[in-house]
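Note sheet for the following structure.
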Amino acid sequence: MFDTLSQLMTDTLGPFGPLFLIGGLGFLLIIGVIPFVLNQKEDPLTKLKKQQQSGVHLDDQMALRKSHGGMGQKLEKYKGFLEPADKEEYSAIQLKLLQAGYPGKNAVRTYHFAQFALGIGLLVAGLLYGFLVNDAETTTQRTILTIIVPGAVGYMAPKYWVTRRVEARKEEIVNGFPDALDMMLVCVEAGQSLDQSIMRVAGEIRAGYPALADEFQIVSHEVKAGKDRMQVLRDMGERCGVTDVASFVTVLIQSASFGTSIAEALRIYAGEMRDKRVMRAEEKANTLPTKMTLATMLLTVPPLLIILIGPAVYEVYKTLKNVSL
């Protein structure tokens, strides 16, 4: 019976008919099992212990969930599947998302959900495409690549997007940091406190450097909320992931620890940042001729050879043609 079914699938779907059948049955089995796994009810004793430990009434919890809503509430019951079990891995992913500009508490779940959804969706799309274009000339290797490659691309696409966002955000912070320091120095020397100057700088540079403005605004809000200023500054340096910002945080912490003038420290560090920006510009300008060499050769040498050798080649061709006649 198995041989008859295999022969029937081969005649209907081609040489890879049994493979498609097994893959389809496996996919349907996974889809059918997922709802039962995700909808498991929580043990009442465990639920009661959580409520007693948190000290929050059930009505308050329901009101809090309703107030948050959105994507995070929908993904709350799937957090066991959308969050790493290892705390170190969770912290690393959360820090990377913070550096990419995604500070939400549900950012890690959304990130893993995007990987899962895109991976499964493109894998199914590749399976359907391989099923539709299947013919006798299709090899096993080509069929496997047609199914697996889209799924791998969908799984890696969120990671690539976040990495690009981190790089772009770091570049924006590096470019805008010297101007922000100069403006902060002016505010401090005008008589404003460090907290007021940070707030003022966050509002002034938002049009040109929104990522850096967001970081300064977070610092201002956390200090207003009563968090320790040194810890707030350390968190800012960790979120930015830029060496210049980490050094700036160290300068402010040392200035506050030793009781030196913050304005003087800002003046010296702002001057260093300006010099460093000029050095980066000069470095890029010095590498420009090397990058243009290949383009210059490709765009200049072929037309020059055509102009110099073209007439001679044409004359030789005419001579050979007359001799042959």
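The values are calculated or read from the model by the stated rules, or taken from the named source; none is laboratory data. Keep in mind the model is a prediction, meaning the values are calculated, not measured. Note: ideal-geometry Cβ built from the backbone for every residue, glycine included; neighbour counts use all protein chains shown. Remember, those area values only see protein heavy atoms, side chains included, never the ligands or the DNA or RNA. Shrake-Rupley method; radii C 1.70, N 1.55, O 1.52, S 1.80 Å.
Mind grabbing the base-10 log of I(q)/I(0) for segment 259-325 at q = 0.13, 0.24 Å⁻¹? Debye formula, identical points on the C-alpha positions, no solvent, two decimal places.
-0.67, -0.98
Can you check how the C-alpha radius of gyration of segment 153-215 compares to 2.2 N^0.38 Å, as a plain ratio?
Values: Rg = 15.5 Å, N = 63, 2.2 N^0.38 = 10.6 Å.
Normalised by 2.2 N^0.38 Å, the Cα Rg of segment 153-215 equals 1.46.
Using only alpha carbons, build the gyration tensor for segment 241-294 and give me the equivalent ellipsoid semi-axes, biggest first, whole Å.
Working: eigenvalues 234, 26, 4 Å².
Over the Cα atoms of segment 241-294, the semi-axes work out to 34, 11, 5 Å.
Roughly speaking, to the nearest percent, how much of segment 168-252's 1.4 Å accessible area is carbon and sulfur? All intermediate terms of the calculation are to be shown ahead of the outcome.
Numbers: 1960 of 3760 Å².
Within segment 168-252, the accessible surface is 52 percent carbon and sulfur.
Give the share of C-alpha pairs in each 10 angstrom bin for segment 107-189, from 0 to the last occupied bin, in whole percents, shortest bins first.
For segment 107-189, the pair-distance distribution reads 16, 26, 20, 16, 11, 7, 4, 1.
Running Debye on segment 81-238 with equal point scatterers at the Cα sites and no solvent, what base-10 log of I(q)/I(0) appears at q = 0.09, 0.11 Å⁻¹?
Normalising to I(0) and taking log10 leaves -0.47, -0.61.
Project the alpha carbons of segment 177-324 onto their principal axes and report the range along each, largest first, in whole Å.
97, 26, 25 Å, listed from the longest principal axis down.
Counting only protein heavy atoms, what percent of the accessible surface of segment 270-325 is carbon or sulfur at a 1.4 Å probe?
Values: 3610 of 5000 Å².
Result for segment 270-325: 72 percent of the exposed heavy-atom area is carbon or sulfur.
Given the pairs Lys105/Lys170; Lys105/Lys276; Lys159/Lys284; Lys87/Lys159, which are separated by over 25 angstrom at their Cα positions?
Working: Lys105/Lys170 21 Å; Lys105/Lys276 36 Å; Lys159/Lys284 29 Å; Lys87/Lys159 19 Å.
Correct reply: Lys105/Lys276; Lys159/Lys284.
Kindly report the accessible area of segment 209-318 per residue (heavy atoms of protein chains, probe 1.4 Å, no ligands, DNA or RNA), in Å².
Numbers: 7120 Å² over 110 residues.
Each residue of segment 209-318 exposes 65 Å² on average to a 1.4 Å probe.
DSSP loop trypsin sites (Lys or Arg not before Pro) in segment 143-192 with at most 16 other Cβ atoms within 10 Å of their Cβ, which ones?
In loop regions of segment 143-192 (DSSP not H, G, I, E or B), there are no sparsely surrounded trypsin sites (Lys or Arg not before Pro).
Taking Rh as the Kirkwood radius computed over C-alpha pairs, what is the Stokes-Einstein D of segment 152-259 at 25 °C in a medium of viscosity 0.890 mPa s, expressed in µm² per second? Write down the numbers at each step before the final one.
Numbers: Rh = 14.8 Å.
Stokes-Einstein gives a translational diffusion coefficient of 166 µm²/s.
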